[in-house]
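The structure appears right after this line, and notes come after that.
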Amino acid sequence: MAEPRNRYSIVSLALHWLIAAAVVAQVLLIMAHENSEGPISREFVNIHKSVGLTILVLTLARIGWRVMNPAIRLPDEMKRWEKLLARATHVLFYVVLLALPLTGWAASSASGRMIEWFHLFQWPALPIEGGRPVARQLMDVHETVVKGLYVLLALHVIGALKHQFIDRDNVLHRMIPLIPRRP
Ligand code: HEM
Ligand code: HEM
């Protein structure tokens, strides 16, 4: 019988870190937008939209990959509630990584604003009417989901540090192979 897989594939690693970097960039782009004025400030939002829609595509690819290559086992030493919390955080990450781009995309569509994907082509609009009031409501959801993202991120990073420095297992090594493997 084949050994159960014990490492993430290069595709899983690449998608994890590409999406993580893009999410951090999203927050920095909004900060840059809030601290600037005029055309450059609007350009930061345009890049935010383009990066966000790219995250949507990457997340769909990642979920597809994940379905075909199920998660590797968490260490047997982990308690039941720890495994549950870890898996719940991961599933909710996927929900948030879909909800943020979809609400942003829907809001732009409702307000009739065209999205120029990195000024290369026009991203299609969703069939959503309602103008600014509907767009405002969708942006309220966007901002609420952002708060959920921050909670998940805090849980995730605290979890990763706990694995590395308290449990002293190989979970961080699995996602950052540059970190030496413990025997
Ligand atoms: C916005 C940033 C991030 C997002 C959205 C994110 C999302 C995720 C998701 C969804 C998984 C589950 C992978 C699967 O489906 O099996 C995962 C796994 C993991 N992440 Fe992140 N992550 C982020 C940042 C980080 C950071 C900064 C660290 C390190 C400090 C980290 C360390 C890990 C580790 C170690 C795992 C593997 C857990 C295991 O082996 O089962 N992640 N991440
Ligand atoms: C995973 C992808 C995304 C992340 C992580 C993200 C994150 C954020 C964050 C942190 C804010 C600031 C919220 C606040 O002020 O409380 C924001 C605002 C915003 N986002 Fe996103 N977003 C994403 C995708 C998108 C997409 C795809 C669009 C549109 C197509 C979009 C459009 C906007 C707009 C218009 C704002 C308000 C900017 C302003 O203050 O005028 N976002 N987003």
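Values in this text are rule-based calculations from the coordinates and carry no lab data. Predicted, not measured: the structure shown is a model, and the values here were computed from it. Cβ: placed from backbone, ideal geometry, glycine included. Neighbour counts: every protein chain shown.
Some values worked out for this structure:
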{"item": "Matching residues, segment 49-75, being without any contact (Cβ under 8 Å) to a residue 40 or more places away in the chain and of a type outside the set (Val, Ile, Thr)", "result": "LEU60, GLY64, MET68, PRO70, ALA71"}
{"item": "Which numbered condition ARG132 misses (of (1) within 16 Å of ligand 1 (Cβ to nearest atom); (2) without any contact (Cβ under 8 Å) to a residue 24 or more places away in the chain)", "result": "(1)"}
{"item": "Subset of segment 151-172 (residues that are surrounded by fewer than 12 Cβ atoms within 10 Å (Cβ to Cβ) and either hydroxyl-bearing (Ser, Thr, Tyr) or within 16 Å of ligand 2 (Cβ to nearest atom) (or both))", "result": "ALA154, VAL157"}
{"item": "Pairs, first farther than 16 Å from LEU97 by Cβ in segment 11-40, second near ligand 1 (Cβ under 10 Å from one of its atoms) and among the aliphatic types (A, V, I, L, M), C-beta under 9 Å, six or more apart", "result": "LEU13/MET175; LEU13/ILE176"}
{"item": "Total residues in segment 97-127, condition closer than 30 Å to ALA71 by Cβ and surrounded by fewer than 20 Cβ atoms within 10 Å (Cβ to Cβ)", "result": "3"}
{"item": "Close pairs (6 angstrom Cβ cut-off, 6 or more residues apart or separate chains): in contact (Cβ under 8 Å) with a residue 12 or more places away in the chain in segment 158-183, surrounded by fewer than 16 Cβ atoms within 10 Å (Cβ to Cβ) and part of a helix (DSSP H, G or I) anywhere", "result": "LEU172/ALA160"}
